[in-house]
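Chemist: Have a look at this one before I ask anything.
Read-outs: derived from the displayed coordinates by stated rules, not from any lab. What you are looking at is a predicted structure, and each value in this text was computed from that prediction instead of being measured. FYI the Cβ positions are ideal-geometry reconstructions off the backbone, even for glycines, and counts take in every protein chain you see.
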Amino acid sequence: MSDLGSAAIREDFAEILKLVRPGARVLDVGCEDGELLELLTREKQIDGQGLEISPQGVAAGLARGLAVVQGDGDRDLDHFPTRAFDYAILSKTLQQMREPRHVLSELLRVAEQAVVSVPNFAHWKVRLFLLLRGRMPETGALPEPWYSTPNIHLCTLKDFVDLCDALEIRIDACASLAGGKPARPIDPRGALENWRAETALFLLSRKSEPHAPAPQDLFGEVALPGAEPAPKPRRKR
């Protein structure tokens, strides 16, 4: 892998880069200008494809030499074959979908695992903004004013976990992202994390599928309900 220290990349992109295994088949839904796909292609030699609704984003992705097609994640995921990919990625986009429940379900039909990041509307800054100002919050994770935001289905960590349960989706691992700090492994079912996590990054799979362990360098060793505990290293004598 090349040295990334000289180039600033989005904090969630940096963590996704750690997560995706080399040579994997990846679908990036809502890939925008293809920045993440290009990063994964260069650093992990993935077989990647992007789905982007805006013509400008598609053109930018094609200019990078990427396989990007124009499409709407709300409708066009239905046309992809089952298990065509190892990973389906939806980074800070689920809250912009008209049918987030359907989209989340489709991600785990077309791919073995899904990587999804969402801003947490229950973060303490959001609560404080509402309490003190009585207006829709504007924070680092939610920077747009209410009248121009693309977000139409904001949720809390608890809301997202409940949706996963309803769809029989297993949370293999979860990390909290905030303020440019390194990812912090969390149990998203914890009441305190519903206050602390500004953005959450999830590794998801179907409960009916065999459990795939998360890379330890991304999510650490936080034990999640239903997850198999990692073996403890033996002490050297």
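Chemist: How large is the direction-averaged shadow of the alpha-carbon convex hull of the chain, in nm²?
Modeler: It is 14.8 nm².
Chemist: Here's something else I'd like to know. Which whole-Hz ³J(HN,Hα) couplings does the range 177-187 yield from phi under the Karplus relation 6.51 cos²θ - 1.76 cosθ + 1.60, θ = phi - 60°, glycine and proline marked x?
Modeler: Running phi through 6.51 cos²θ - 1.76 cosθ + 1.60 with θ = phi - 60° gives 10, 7, x, x, 7, x, 4, 10, x, 9, 9 Hz.
Chemist: So what's the projected area for the range 37-78, the Cα convex hull averaged over all directions, in nm²?
Modeler: Seen from a random direction, the Cα hull of the range 37-78 projects 3.0 nm² on average.
Chemist: Let me ask something else. Okay, helix-only estimate at 222 nm for the chain: each DSSP H run of n ≥ 4 adds -39500 (n - 2.57), divide by all residues, round to 500 deg cm²/dmol; what do you get?
Modeler: -8000 deg cm²/dmol
Chemist: Same structure again: How would 72, 33 line up from fewest to most surrounding beta-carbon atoms within 10 angstrom?
Modeler: Placing the least packed residue first, the sequence is 72, 33.
Chemist: Then there's this: In nanometres, what is the gap between the two model label sites at residue 152 and residue 208, each 7 Å from Cα along Cα-to-Cβ?
Modeler: Here the modelled spin labels are 2.9 nm apart.
Chemist: Search the structure for amide H atoms under 5 Å from the amide H of residue 122, placed 1.01 Å from N in the peptide plane, and list their residues when 5 or more places away or on another chain.
Modeler: 157
Chemist: Looking only at chymotrypsin sites (Phe, Trp or Tyr not before Pro) in DSSP loops with at most 12 other Cβ atoms within 10 Å, what is the longest site-free stretch of the chain?
Modeler: 1-145
Chemist: With only Lys, Arg, Asp and Glu charged, each at its Cβ (+1 for the first two, -1 for the last two), find how big the charge dipole of the chain is about the Cα centre; round to the nearest 20 debye.
Modeler: Dipole about the Cα centre, nearest 20: 1060 debye.
Chemist: Percent antiparallel among DSSP beta bridges with both residues in the chain, to the nearest 5?
Modeler: Antiparallel bridges: around 45 percent, rounded to the nearest 5.
Chemist: If the limit is 25 Å between Cα atoms, which of 44/207; 44/92; 44/125; 44/158; 125/181 go over it?
Modeler: Among 44/207; 44/92; 44/125; 44/158; 125/181, the Cα-Cα distance tops 25 Å for 44/207; 44/125; 44/158.
Chemist: Among 85, 156, 100, flag the residue with its Cα farthest along the positive direction of the charge dipole of the range 71-167, charges on Cβ as +1 for Lys/Arg and -1 for Asp/Glu.
Modeler: Ranked along the dipole, the leading option is 156.
Chemist: Which cross-chain or sequence-distant (5 or more) residues have an amide H under 5 Å from the amide H of residue 68, H modelled 1.01 Å from N in plane?
Modeler: 50
Chemist: Using DSSP loop states and a limit of at most 12 other Cβ atoms within 10 Å to flag GluC sites (Glu not before Pro), what is the longest stretch of the chain containing no flagged site?
Modeler: That gives 1-167 as the longest site-free run.
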